[in-house]
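Read the structure below first, then the notes.
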Amino acid sequence: MTSIATVVYVMIASPSDVSEARDAVYAALGRWNEANTASRGVVLVPLRWETGTVPVLGDHPQAIINRQLLKRSDVVIALFGSRLGAATGSALSGTAEEIELAVAGGKPVHLYFSTAPHPNDVDPLQLVALADFRRDLEGRGLYGTFGSAIELTAHVWQALEHDISQLDPVAVDRAGTARVDLLVQQGSERTSESDARGRLRTRNHKWIDIINRGDADAEGLEVEPAVDGVFLGGSERPRTLHAGQSQRFPYELSLAASDALRVRVSWEEDGQRVTREFDA
């Protein structure tokens, strides 16, 4: 069956050292399409140089990428790990040039810096260049961080939900009625810290993000574990989860808990109490 959809082109920009993160964003766009395109009339098309460029001579490689990908894009997702990238002649790096051109063109640009440990063969000069670039950005807007592919996926979904509502509000809900549309995703980050004796300890922080992808507020939102052995923090009181926003809840698992994490979420919508269970 054919249908009409609004197409949003999403460019994935990054240096060469974050291939896993690039693949995670690519996969996240595909999963978003599977879950939302049929009901919401929006399809996200990823653009990345590995598969979206046509080999051609006669110009600087970055200029070719700009013409073939950046010019077509509606949104740019930019990722950094431990490298800024090679200079292009007109910018500090190819990714930096893509960011500058996108901002100048009025396109939404979402930047995320990896907090994962650097590889053993990291280039110290690239680390310094990246730190300087990141510092320069602090007065120009907001950027995010990610410690895992799961966490990055949640960030990307949240950012794109915001962009879709801005780019084409009609396409967000073809029925024309405001509704709550929740997404529940896990995230985790491993950190190292010293104890009172100076010994290095590693801690694994886990959480779930509840994202309201709809265009109506979820009033009186309550969250509780739907399986035994899960301790969910921050869920003691009802709250309002506004449209386009997210709420984070840290959690811990007991030794007897199963591997599957399932939560029960309830909220007020159209004067009625709605309760659903989600696999995180």
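The values are calculated or read from the model by the stated rules, or taken from the named source; none is laboratory data. Keep in mind the model is a prediction, meaning the values are calculated, not measured. All Cβ positions, glycine included, derive from the backbone under ideal geometry; neighbour counts span all protein chains shown. Accessible surface is based on the protein model in full, side chains and every heavy atom, while ligands, DNA and RNA are left aside. Shrake-Rupley method; radii C 1.70, N 1.55, O 1.52, S 1.80 Å.
Here are some notes:
- Per residue, in Å², the accessible surface of the chain once ligands and nucleic acids are set aside, probe 1.4 Å: 54 Å²
- A Förster distance of 45 Å, applied to the separation of the beta-carbon atoms of Asn120 and Glu224, puts the FRET efficiency at 0.55.
- As a length-normalised measure over Cα pairs under 8 Å and 6 or more apart, the relative contact order of the chain settles at 14 percent.
- Whole-angstrom gap from region 96-153 to region 25-69, using each part's C-alpha centre: 19 Å
- Packing here is the average count of other Cβ atoms within 10 Å per residue, and on that basis the peptides 131-140, 97-106, 51-60, highest first, run 97-106, 131-140, 51-60.
- Cα-based radius of gyration of region 55-94 once divided by 2.2 N^0.38 Å, which approximates compact folds: 1.28
- Relative intensity, log₁₀ I(q)/I(0), of the chain from a Debye sum that treats every alpha carbon as a point, q = 0.09, 0.11, 0.15, 0.17 Å⁻¹: -0.50, -0.74, -1.23, -1.41
- Both radii come from the Cα set of region 118-162: Rg as radius of gyration, Rh as Kirkwood radius; their ratio Rg/Rh reads 1.07.
- Coarse-grained scattering of region 212-253 at q = 0.25, 0.26 Å⁻¹, given as base-10 log I(q)/I(0) from a Debye sum over alpha-carbon atoms: -0.88, -0.91
- Highest to lowest packing among 15-24, 193-202, scored as the average C-beta count within 10 Å: 15-24, 193-202
- Here the chain exposes an accessible surface that is 52 percent carbon and sulfur, computed with a 1.4 Å probe and the other protein chains kept in place.
- Between Ser235, Ile211, Leu200, the Cα set farthest toward the positive side of the dipole of region 200-241 (charges on each charged residue's Cβ, about the Cα centre) is that of Leu200.
- Neighbourhood charge, 13 Å Cβ-Cβ cut-off, centred on Glu236 and excluding it, Lys, Arg +1 and Asp, Glu -1: 0
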